Amino acid sequence: DGGITQSPKYLFRKEGQNVTLSCEQNLNHDAMYWYRQDPGQGLRLIYYSQIVNDFQKGDIAEGYSVSREKKESFPLTVTSAQKNPTAFYLCASSLLQGDQPQHFGDGTRLSIL
Amino acid sequence: RKEVEQDPGPFNVPEGATVAFNCTYSNSASQSFFWYRQDCRKEPKLLMSVYSSGNEDGRFTAQLNRASQYISLLIRDSKLSDSATYLCVVTSYNQGGKLIFGQGTELSVKP
């Protein structure tokens with residue numbers, strides 16, 4: 001079945017450690033997105049990419065990095081510079097043309113040890 | 001002012017009730033509008049797109065008023081399974097098509 005797969009489902013980070021969250025889609029979508037959701041709050045955009053080898057900062061990019069080497073993959077690295085990384089991270093993808101909604105993976109919960 | 005604002009929740013209603021959610025957006029260049037549903041500790045899922053003429057999907061009706069920059073979602077004959085957080089989402093071509101999410105309105109349907 002086509003969809004978006006995020007892994008791992010749960011992740012724990014030690015102080016000073018970088019961790020990478022995986023996002024893979026087999027929907028042949030052009031655009032991919034990373035969001036962060038804190039308890040009781042809406043989604044905030046971290047980074048997005050509309051084409052391979054290109055990506056743009058969202059509203060809260062500091063402390064995060066991404067790459068888009070393949071159309072189907074958009075990994076997110078939470079660096080040690082992100083001082084408050086505990087959150088629910090959601091990856092999404094969409095077609096670019098027209099008014100296309102985004103489809104989400106089932107998320108990764110990141111916590112600090 | 002937030003770009004997308006929703007009714008503060010939570011809404012607690014009995015089964016069978018009709019409930020309406022309201023949402024306003026600040027960017028007059030906004031082009032696409034959606035309602036998403038998010039269950040507790042799960043990812044958001046598309047409920048329905050919102051079209052200028054208004055649209056209906058079973059018990060759910062979405063309306064758009066561009067002049068007032070206002071979107072609504074009406075749920076009729078609410079079911080226990082409708083309990084979730086409902087997210088109003090807007091995209092604008094002058095922002096690269098990014099989705100802007102409201103903070104969500106929580107609905108709890110009681111027996």
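The values are calculated or read from the model by the stated rules, or taken from the named source; none is laboratory data. All values derive from a computational prediction rather than experimental measurement. With ideal geometry, Cβ positions are generated from the backbone for all residues, glycine too; neighbour counts draw on all protein chains shown. Accessible surface is based on the protein model in full, side chains and every heavy atom, while ligands, DNA and RNA are left aside. Shrake-Rupley method; radii C 1.70, N 1.55, O 1.52, S 1.80 Å.
Below is a table of values for the structure above.
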item	result
Dimensionless Rg/Rh of the range B:1-56 - Kirkwood Rh, Rg from C-alpha atoms	0.98
Karplus-derived HN-Hα couplings along the range B:11-16 (A = 6.51, B = -1.76, C = 1.60, θ = phi - 60°), whole Hz, x at Gly and Pro	9, 10, 10, x, 3, x
Cα-projected label distance for A:Asn28 with B:Ser52, points at 7 Å along beta-carbon direction, nm	3.0
Leading residue at positive end of dipole, chain A (Cβ point charges), from A:Gln41, A:Phe12, A:Ser22	A:Phe12
Note, ³J(HN,Hα) from phi for the range A:48-57, Karplus 6.51, -1.76, 1.60, rounded to Hz, x at Gly and Pro	8, 9, 9, 7, 4, 6, 9, 8, 10, 6
Shielded residues, the range B:42-64 - accessible-area loss of 10 Å² or more between chain alone and all protein chains, probe 1.4 Å	B:Lys42, B:Glu43, B:Pro44, B:Leu46
Debye log10 I(q)/I(0) at q = 0.21, 0.25, 0.28 Å⁻¹ for the range A:55-113, Cα point scatterers	-1.01, -1.28, -1.40
Per residue solvent-accessible surface (Å²) - the protein assembly as shown, probe of 1.4 Å	48
Label point distance in nm, A:Leu113-B:Arg76, each placed 7 Å from Cα along Cα→Cβ	5.5
Alpha-carbon Rg with Dmax, taken over chain B, Å	13.5, 45
Rounded percent of accessible protein surface that carbon and sulfur make up, chain B, 1.4 Å probe	47
Cross-link partners of B:Lys2 among aspartates and glutamates (Cα-Cα below 20 Å; sequence separation of 8 or more within a chain)	A:Asp38, A:Asp59, B:Glu106
Relative contact order %, chain A, counting alpha carbon pairs below 8 Å whose residues are six or more apart	35
Loop-located GluC sites (Glu not before Pro) in the range A:1-77, at most 11 other Cβ atoms within 10 Å (DSSP)	A:Glu15, A:Glu62, A:Glu69
